[in-house]
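Worksheet: one structure, shown below.
The values are calculated or read from the model by the stated rules, or taken from the named source; none is laboratory data. The structure presented is a predicted model; accordingly, all values stated were derived computationally and were not measured. Using ideal geometry, Cβ is built from the backbone for each residue, glycine included, and neighbour counts are taken over all protein chains shown.
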Amino acid sequence: MLLPGVNATLTNVDSLCNQAEYLLFNHHLHPAYLDSAYRLLACARQLNPRHEKCLYLWSRVHTQQGENTPSKNERLRLFERARAIAETLQMLNPHNPHGYMWWAVAQGRIGQTRGVLNSLFMVPDIKRAFNRVLELDPEYPAAYDGLGVVYYELPGWAGGDLKKAEYLLIQGLKYDPNYTVIRLDLARVYLKQGRREHAREQLKLLLKTACPTCPADFYLEDRPAAEKLLQEIERRK
């Protein structure tokens with residue numbers, strides 16, 4: 001059953017997608033919100049399988065489900081499904097940046113699940129996808145974050161570059177200072193560079209964010225991670 005307030009009789013795909021988007025971005029408010037978002041999008045897909053916003057959200061909700069799943073095999077299945085959905089969006093409209101963005105995210109999650117040494121071959125394609133997003137939309141904050149994290153996580157011998165990561169993350173924050181995961185990732189870059197005061201500044205700014213772009217990510221992931229990192233910084237004094 002859908003949650004109270006979710007209108008199951010709606011047949012307008014735009015309305016279904018808007019409801020699903022709210023539930024996805026705010027699934028910290030109720031444990032059933034994510035499943036309700038999934039069901040709304042499944043309904044929207046039946047009504048219009050070529051609806052671009054539906055495909056974008058459909059890929060994103062599968063990615064989120066994968067991140068919430070403890071089973072490695074199930075995570076891989078969900079991430080692979082998210083990647084396939086994003087590929088469908090790319091084929092439907094090669095100029096929609098969401099198709100490349102969420103393909104790259106899903107592919108990156110697959111790589112993380114398999115382990116760095118088993119997924120280095122994926123890196124060039126992931127970089128190309130993030131760069132394609134920025135070609136299509138130079139103000140897409142999540143693409144700056146995704147590309148910055150690639151340069152942060154890769155070892156130096158495999159193309160990692162903390163300076164590039166820092167530059168990209170700062171660019172992302174210029175376009176959306178409320179996209180809190182970017183501040184978290186920038187703080188991690190600063191810590192890896194040994195710049196604790198800069199990291200502390202970013203973490204404190206993150207914790208002061210009043211209107212996060214992705215509320216569920218902020219409350220469930222970014223804020224707890226920032227608090228933990230700040231505690232670690234204080235212990236190192």
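Some points to look at:
- Of all the residues in segment 200-224, those that are within 18 Å of the chain's Cα centre (by Cα), within 10 Å of L184 (Cβ to Cβ) and crowded, with 18+ Cβ neighbours inside 10 Å number 5.
- Scan of segment 15-40 for residues that are of a type in the set (S, T, N, Q), farther than 13 Å from L55 by Cα and in a helix (DSSP H, G or I), ordered by number: S15, Q19, S36
- Of the residues making up segment 193-216, just one is in contact (Cβ under 8 Å) with a residue 40 or more places away in the chain and within 18 Å of E234 (Cβ to Cβ), namely R196.
- Filter result for the condition that a residue is closer than 22 Å to L16 by Cβ and out of contact with any Cys (no Cβ under 8 Å at 6 or more places or on another chain), over L57, L34: L34
- Within segment 183-227, the residues that satisfy the criterion of being more than 25 Å from K164 (Cβ to Cβ) and among the aromatic types (F, W, Y) are F218, Y219.
- Boolean, L92 is of a type outside the set (V, I, T), in contact with a helix residue (DSSP H, G or I) (Cβ under 9 Å, 6 or more places away or on another chain) and farther than 20 Å from L169 by Cα: yes
- So R83, is it of a type in the set (K, R) and more than 29 Å from L191 (Cα to Cα): yes
- Residue in segment 66-77 that is assigned to a helix (DSSP H, G or I), of a type in the set (A, V, I, L, M) and crowded, with 20+ Cβ neighbours inside 10 Å present: no
- Checklist (1) at pLDDT below 95; (2) in a helix (DSSP H, G or I); (3) farther than 24 Å from R83 by Cα applied to K237, failing item: (2)
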